[in-house]
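In what follows, a single structure is set out as structure tokens and then discussed.
The values are calculated or read from the model by the stated rules, or taken from the named source; none is laboratory data. Model, not experiment: these values are computed from the prediction. Here the Cβ is made from the backbone with ideal geometry for all residues, glycine too, and neighbour counts use every protein chain on show.
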Amino acid sequence: MNIHAKYFGPVSYEKDETIHIINGLIGFESYTEYLPIPFQEGDDSMISLQSLEEESLSFILLNPFGIFPDYTPKLSAQELKELGANSEEDISFYVIGVIRDSFSESTVNLKAPLVVNALNRRAKQIILDQQEYTFRHSLEHIMKEEL
């Protein structure tokens, strides 16, 4: 199969590379089928989450543990069940980034990560019941804390 990806142009892919997002992303609920495309092959630190239903729709995902090692999202048993996961070991977490021209204005959403079952490719955006996370964490602030 082929798609014209927003950041990559023409891309060929197989059905088993796609992910299905249960109920879509917040604000984009009608779009549920996506192709994750890493910006660097074999590296999940930054991914383009390309909609297969709307070629102009793509999100930047970041692996939160690479930029925020103390990130400890907690899932409920019900959320694991919805994803068809037996344990959190089957799960990968990604956060949506808003990357601006100015690094100081770029943010990540640590409050509502995209949670992906790596085994069955089902995903869901979860709103964490953890007060320490917000919808807009400054990347500049996070990077300064890590230095």
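Please go through segment 91-120 and give me each residue that is closer than 20 Å to Glu33 by Cβ and either part of a loop (DSSP other than H, G, I, E, B) or of a type in the set (Ser, Thr, Tyr) (or both), ordered by number. Of everything in segment 91-120, those that are closer than 20 Å to Glu33 by Cβ and either part of a loop (DSSP other than H, G, I, E, B) or of a type in the set (Ser, Thr, Tyr) (or both) turn out to be Ser92, Tyr94, Ala112, Pro113, Ala118, Leu119, Asn120. Contact map, segment 121-147: residues that are modelled with pLDDT under 90 and surrounded by 10 or more Cβ atoms within 10 Å (Cβ to Cβ) paired with residues that are among the hydrophobic types (A, V, I, L, M, F, W, C) and not in a strand (DSSP E or B), Cβ distance under 6 Å, separation 6+ or inter-chain. Pairs shown: His137/Leu110; Glu140/Phe103; Ile142/Ile67; Ile142/Phe68.
Quick one: is Ala123 closer than 20 Å to Glu33 by Cα, out of contact with any Ser or Thr (no Cβ under 7 Å at 6 or more places or on another chain), aliphatic (A, V, I, L, M) and part of a loop (DSSP other than H, G, I, E, B)? Quick ask: steps written out before the conclusion?
Numbers: closer than 20 Å to Glu33 by Cα: yes; out of contact with any Ser or Thr (no Cβ under 7 Å at 6 or more places or on another chain): yes; aliphatic (A, V, I, L, M): yes; part of a loop (DSSP other than H, G, I, E, B): no.
Taking the combined requirement at face value, the residue does not satisfy it.
Candidates are the residues of segment 48-88 that are touching a residue at least 24 places away in the same chain (Cβ under 8 Å), assigned to a strand (DSSP E or B) and touching a Phe, Trp or Tyr at 6+ places or on another chain (Cβ under 7 Å); the one that is farthest from His4 (Cα to Cα) is Leu62.
Of all residues in segment 38-55, which are surrounded by 20 or more Cβ atoms within 10 Å (Cβ to Cβ) and either more than 11 Å from the chain's Cα centre (by Cα) or over 19 Å from Ser106 (Cβ atoms) (or both)? Step through it out loud before you land on a result.
In the first step, residues of segment 38-55 are kept if they are surrounded by 20 or more Cβ atoms within 10 Å (Cβ to Cβ); the result is 47, 49-51.
Correct list: Gln50, Ser51.
If you check Glu33 against the conditions, is it on the phi < 0 side of the Ramachandran plot and under 14 Å from the mean Cα position of the chain (by Cα)? Yes: the conditions hold for Glu33. Considering Ser45, Ser87, Ser12, Ser30, the condition of being touching a helix residue (DSSP H, G or I) at 6+ places or on another chain (Cβ under 6 Å) and not acidic (Asp, Glu) is satisfied by Ser45 alone.
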